[in-house]
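Just below is one structure, and these are the notes that go with it.
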Amino acid sequence: MPSARSSSLTVYVVDDDASIRDSLSLMLGLAGYSTRLFADAESLLVAFDEQWAGCIVADLRLPRLSGLELQAQVRNRGSDIPFVVITAHGDVPAARAAFRAQAVDFIEKPFEETQLRAAIDAAFALERKRADAQEGERALERKLARLTAREREILEHAAKGLHAKEIGTALGISVRTVEVHKTRIMEKLEVRNIGELVRVALLAEKRGNSGSG
């Protein structure tokens with residue numbers, strides 16, 4: 001059964017065969033998964049929200065847009081939601097294309113329930129990892145927001161590996177003042193030692209560089 005942490009995750013099933021949609025919905029529902037069903041790629045794209053979490057299980061051959069084209073369009077919208085591609089017409093080029101687009105699995109019909117559930121669980125694990133990383137980033141942002149402009153300057157210099165004396169010289173302040181600021185920075189960022197401070201400083205620097213690009 002899905003874990004409690006999977007309760008907010010949904011399996012979005014896209015298949016033009018109503019009987020397959022219904023059977024997948026029943027099978028996954030009985031196993032404890034939340035599902036939403038779509039008859040084609042266009043229907044999903046109309047309803048699509050970047051805040052969706054879970055995975056998309058899409059048939060390879062759909063009317064108009066294929067499962068792979070759907071995957072590409074979802075990626076173009078900036079979403080990393082995992083994909084599981086299912087098909088009755090599998091071939092190596094299609095499988096390679098799916099995996100190049102970071103599909104979790106490429107499953108040929110008919111498949112065992114355990115095979116699909118394993119792929120979905122792997123996708124959910126990726127989603128939980130992504131959610132944890134996003135929460136970590138938000139927590140870092142909240143901590144960095146506590147710093148004063150001077151503390152930010154000192155943190156930036158710490159990221160470059162400068163010692164207190166070098167930071168003091170660069171900013172025109174005393175070593176003692178630098179050390180006092182460092183202590184306050186460590187308290188605000190909830191780090192225990194200089195090593196952790198430098199790690200957070202590097203993360204902050206990386207975020208600043210990615211944001212400016």
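The table below lists the values:
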quantity: Among (1) under 30 Å from S25 (Cα atoms); (2) assigned to a helix (DSSP H, G or I) - the single one I107 does not satisfy; calculated: (2)
quantity: Residue identified as free of Cβ contacts under 8 Å to residues at least 40 places away in the same chain, among the basic types (K, R), out of contact with any Gly (no Cβ under 6 Å at 6 or more places or on another chain) and open to solvent by 50 Å² or more (accessible area, probe 1.4 Å) among R146, R152, R128; calculated: R152
quantity: Qualifying residue in segment 130-138 (condition: under 23 Å from the mean Cα position of the chain (by Cα), of a type outside the set (K, R), at pLDDT 90 or above and under 30 Å from V57 (Cβ atoms)); calculated: no
quantity: Residue match in segment 79-87 (condition: open to solvent by 40 Å² or more (accessible area, probe 1.4 Å) and under 21 Å from the mean Cα position of the chain (by Cα)); calculated: yes
quantity: Residue identified as closer than 24 Å to A72 by Cα, part of a helix (DSSP H, G or I) and open to solvent by 30 Å² or more (accessible area, probe 1.4 Å) among R117, R138; calculated: R117
quantity: Filtered residues of segment 164-183 (kept if touching a Gly at 6+ places or on another chain (Cβ under 8 Å) and over 22 Å from R199 (Cβ atoms)); calculated: S174, V175, T177
quantity: Residues that are outside any loop (DSSP other than H, G, I, E, B) and open to solvent by less than 40 Å² (accessible area, probe 1.4 Å), drawn from segment 36-46; calculated: F38, A41, L44, L45
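The values are calculated or read from the model by the stated rules, or taken from the named source; none is laboratory data. All values derive from a computational prediction rather than experimental measurement. Cβ atoms come from the backbone with ideal geometry, glycine included; neighbour counts cover every protein chain shown. When the accessible area is computed, the model is the full protein with side chains, heavy atoms only, and any ligands, DNA or RNA have been set aside. Shrake-Rupley method; radii C 1.70, N 1.55, O 1.52, S 1.80 Å.
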